[in-house]
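*Asks:* The structure follows.
Throughout, read-outs are computed from the coordinates displayed, never taken from laboratory work. Note that the coordinates shown come from a computational prediction; the quantities given were computed from them, not determined experimentally. Cβ placement follows ideal geometry from the backbone for every residue including glycine, while neighbour counts extend to all protein chains displayed.
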Amino acid sequence: MPSILISGASQGIGAAAAKLFYSQGYKVGIYDINTAQAEQLAQQLGPNAKAGLLDVANIQHWHTALEEFFHWAGGLNILVNNAGILYSGAFEHTDIAAHHRTIDINVKGVINGCHAALPYLKQASFARVINLSSASAIYGQADLATYSASKFAVRGLTESLDIEWQKHGIRVLDVMPLFVQTAMVKDMDAESIRKMGVNLTPEDVAQQIFSLATLKANAFTPTHRPVGLKTKFLFGLSNISPQFINRLSNLWIAKK
């Protein structure tokens, strides 16, 4: 039975992914800093789900969680680096601790997960890493500056490791959704959220994660998977438009 460990899996996209993979016959690791909620979901799903504590910014948590899950599941096929946070508002009005926490979780958390999981993934006949990037990694977003920067970092790490880990037979891919209907985007102070709308559901993103995780990828399989029509349009536009056009379009998105 294939296995998957998902960070930040107690709610939102992570929980939707856990439910989908479980329904498709996977052993599922539901790891989160909110252990009570993670345990509740694992009990709801059944005996092939395991919950555990994971603060993604803490590398020791990763080592403990991966060793525990690996022995319980008998292997590790797929790692989903889903845990993330978002602060919105003017850069200078956001407390510096919030900027640092965003980097700790959204960037260091993904680096920690990839680094700690590699020894386990290398033992699998089929292994894959799916990272949660964002449409905010297409062009830097006003009032989401550090969040956007963190997702650019995830995008760059994904591209780098997708090449570097080819020697291990491991594809490293990401999904890039626009704003998703989760608790993370409630009461956010960013014009881009108001203008672009929050139209995607956690289940929409989970379906794309499942598609990437199970896809028989080849050399022509793209590293990035934009999710939703608006994201696909923006991603395509950024690849063909001059830089000043991309800047002007994002100025319009940010303008109040």
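*Asks:* Take the alpha carbon atoms of the stretch 137-182, find their center, do the same for the stretch 64-136, and report the distance between the two centers in whole angstrom.
*Replies:* That distance is 11 Å.
*Asks:* Next up: Given 0.36 nm per residue, what is the gain on full extension from PHE220 to ILE111 after removing their alpha carbon distance, in nm?
*Replies:* 36.7 nm
*Asks:* Under the 0.36 nm per residue contour assumption, what length would be gained going from the current alpha-carbon distance of LYS122 and ASP95 to full extension?
*Replies:* 5.7 nm
*Asks:* With r defined as the distance between the Cβ atoms of GLU159 and SER211 and R0 fixed at 22 Å, what FRET efficiency is calculated, to the nearest 0.05?
*Replies:* Efficiency at R0 = 22 Å is approximately 0.70.
*Asks:* Right, here's the next one. Can you work out ³J(HN,Hα) from phi for every residue in the stretch 214-222, in order, using Karplus 6.51 cos²θ - 1.76 cosθ + 1.60 and θ = phi - 60°, giving whole Hz and x for Gly and Pro?
*Replies:* Per-residue couplings from phi come out as 10, 5, 7, 6, 10, 4, 9, 6, x Hz.
*Asks:* Here's something else I'd like to know. Can you tell me the length gained on complete extension of the stretch GLN40 to ILE103, counting 0.36 nm per residue apart and subtracting the Cα distance?
*Replies:* Here the answer is 19.8 nm.
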